[in-house]
Amino acid sequence: NYTRGDVQVRLALNYTYSNAKNRERRFEEDATYGKQLPYIPLHKANTRLTASYKQAFVHYTLNYTGVRYTSEDESYKTNAYTIQNIEAGYHFAVKGSCRITPKISISNLFDAYYESTQYYPMPLRSFMASVMVSF
């Protein structure tokens, strides 16, 4: 966290190492023994950078997902991918404790092709605008 006057910056990092392997043989020549379990990536990481000035804010996220094997013997897989998103908005204070927050978001900022499930591509870049009212 960093704060100087009306400027605030926050960086959050997360990393997951999932060494999830098949530890039992179903038969003597089982090709799945010692292999990573399907759809569980060995490496996964994400980061979020948030910056705000007074009532304006920007959020930037970067998500990395490592190779996901889609078969028990690791013969099929989805490729590793990195997705980046950005969001910007402004908090407006209204009477009493009411707040209105319009924001715009871009998901998959750099239009990365990826599959979280084999043969099912995920959406490319998308845009969203929203207004949140809280009281």
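No value in this document is a laboratory result; all are computed from the given coordinates. Just so you know, these numbers come straight off a predicted model, no measurement behind them. Here Cβ is always computed from backbone atoms with ideal geometry, including for glycine, and neighbour counts include all displayed protein chains.
Charges were assigned to the Cβ only: +1 to each Lys and Arg, -1 to each Asp and Glu. The resulting dipole of the chain about its Cα centre is roughly 800 debye.
Computed from the alpha carbon atoms alone, the convex hull of the chain holds 137 Å³ per residue. Look at the dipole of the range 34-100 built from charges on Cβ: of His59, Thr47, Ser75, the Cα furthest out on the positive end belongs to His59.
Report relative contact order for the range 2-134 in percent, whole number only (criteria: Cα-Cα under 8 Å, sequence separation at least 6). Dividing the mean separation by the residue count of the range 2-134 yields 18 percent. Between Met128 and Val58, the modelled label-to-label distance comes to 2.1 nm, taking each label 7 Å out from Cα in the direction of the beta carbon. Restricting attention to the range 2-134, the count of lysine pairs at 8 or more positions apart or across chains with alpha carbons under 30 Å apart stands at 10. Net length available on complete extension from Tyr17 to Tyr90 is 22.7 nm, with 0.36 nm assigned per residue and the Cα-Cα distance removed.
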